[in-house]
Amino acid sequence: EQIANQIAAGEVVERPSSVVKELVENSIDAGSTKIDIVIEEGGLQSIRVTDNGSGIEKEDCELAFLPHATSKISSSKDLFQIRSLGFRGEALPSISAVSKMSCITSTENTGLGYKVVNEGGVLKAVEETRASKGTDITVKELFYNTPARLKYVKTIQTELGHISDYIYRLALAYPDIRFTLTHNGKTLLQTLGNGDLLQVIAAIYGRTVAKAMIQVTGSNMDYSLSGYIAKPEMTRSNRSSISFIVNGRYIRNPFLNKAILNAYHTLLPIHRYPICVLHIQMDPTLLDVNVHPAKLEVRFSKEKELMVFLEQELRKSLQKQVL
Ligand code: ADP
Ligand code: MG
């Protein structure tokens, strides 16, 4: 059974950033307003995620490490209206199968909670401990028992790049959450969690960029748009400067990228990519839910309409700026 768990784990836990992703998404699902991520050696030595969310009940604490222990879906109908990030209950057991993991958690403000220690998918200890409300999970020695997976992991710098890219995206998606990201003792990101998207943009791209952003807002029957786009002169060579957050979830979609570039091109020909951070809210039934939850690609049922809306709104904002 242990081996089966390790094989299954490979699907969820590909590299250190997969662990960070699963842990931080759980923190978000638990309603946290403050999430601290502390990484050592690209995540290979240690990954620690501390949140101030709901915490995990004692019974669930042990269960959470067993396969398919999700508490987020009560009927198959829920699958069509997914609002939380996780819903398969595979993450914690998968991570614990290939690491040494400890979890300290509390659901109350009593100063007491539980500590659960796992090693290679084997429950080592459950004990009462001092704990503040929330959850604090440490994953050490990732892939220590799966040498083949370990070999696949790239340099510390590459792994850190994946982790920080991911945290930046989350910070842009959740300006209400206070994030810190630390690597080998160095702070890489600190957001305020005060809901100010521009502050998050400044924390990631720098103040100069943030000062050169144009605010965008707009809505129609189906969509509501808000965010910031760069003045045309502040472009980058990198396509990933464009961030879309749909219903709170960071996504990628080539048609939306195209709509952005079209809007800029009607004003002046740019040969690079603008920095854009755009939040779009829509009825979740307009999204294709059959897309794999781990993937960023999302399809829209009214793709063309969305493109037209987006292009129009951005063009309006850009024109105001130029005039
Ligand atoms: P899923 O997120 O798909 O439900 P996970 O394996 O990621 O599955 O987590 C299992 C369960 O453990 C979650 O459903 C949740 O109830 C609980 N859990 C995990 N992490 C946290 C956290 N940081 N705060 C509160 N509950 C958590
Ligand atoms: Mg999860």
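Every number in this text was worked out from the coordinates using simple rules, so none of it is lab data. For clarity, every value in this text was computed on a predicted model and none was experimentally measured. Please note: Cβ atoms are built from the backbone with ideal geometry, for glycine as well, and neighbour counts cover all protein chains shown.
Counting other Cβ atoms within 10 Å as a rough exposure proxy, the listed residues 112, 256, 261, 92 run 112, 261, 256, 92 from fewest neighbours to most.
Taking a point 7 Å out from the Cα of residue 33 in the direction of its Cβ, the residues of the range 157-191 whose backbone N falls within less than 16 Å of it are 174-180, 191.
For the range 244-276, list residues with backbone N below 17 Å from a point placed 7 Å from the Cα of residue 198 toward its Cβ? Under 17 Å, as judged by backbone N against the label point of residue 198, lie 275-276 of the range 244-276. Values of log10 I(q)/I(0) for the range 101-260 across q = 0.15, 0.17, 0.18 Å⁻¹ run -1.02, -1.15, -1.21, by the Debye formula with one identical scatterer at each alpha carbon and no solvent.
Put in line by how crowded their Cβ is, counting other Cβ atoms within 10 Å and starting with the fewest, 301, 94 read 301, 94.
If you wrap the range 98-158 in the convex hull of its Cα atoms and look at it from every side, the mean projected area works out to 5.0 nm². If the segment from residue 176 to residue 217 were pulled out straight at 0.36 nm per residue, it would be longer than the present Cα-Cα gap by 12.9 nm. Under 11 Å from the 7 Å Cα→Cβ point of residue 41, by amide nitrogen: which residues of the range 156-195? The answer is 156, whose backbone nitrogens lie closer than 11 Å to the label point. Footprinting exposure proxy ranking of 15, 130, 149, fewest other C-beta atoms within 10 angstrom first, gives 130, 149, 15. A full extension of the chain between residue 62 and residue 296 corresponds to an added length of 81.2 nm, given 0.36 nm per residue minus the alpha carbon distance. Computing FRET efficiency as 1/(1 + (r/R0)^6) for residue 319 and residue 283, where r is the C-beta to C-beta distance and R0 is 25 Å, gives about 0.30. Where the centre of each part is set by its Cα atoms, how far does the range 130-184 sit from the range 7-66, in angstrom? So the two Cα centres are separated by 8 Å.
When a/c reaches 1.5 or more, the comparison of a/b and b/c decides; with that in mind, is the range 137-226 rounded, prolate or oblate per its Cα gyration tensor? Taking the square roots of the gyration eigenvalues as a ≥ b ≥ c, the range 137-226 is prolate.
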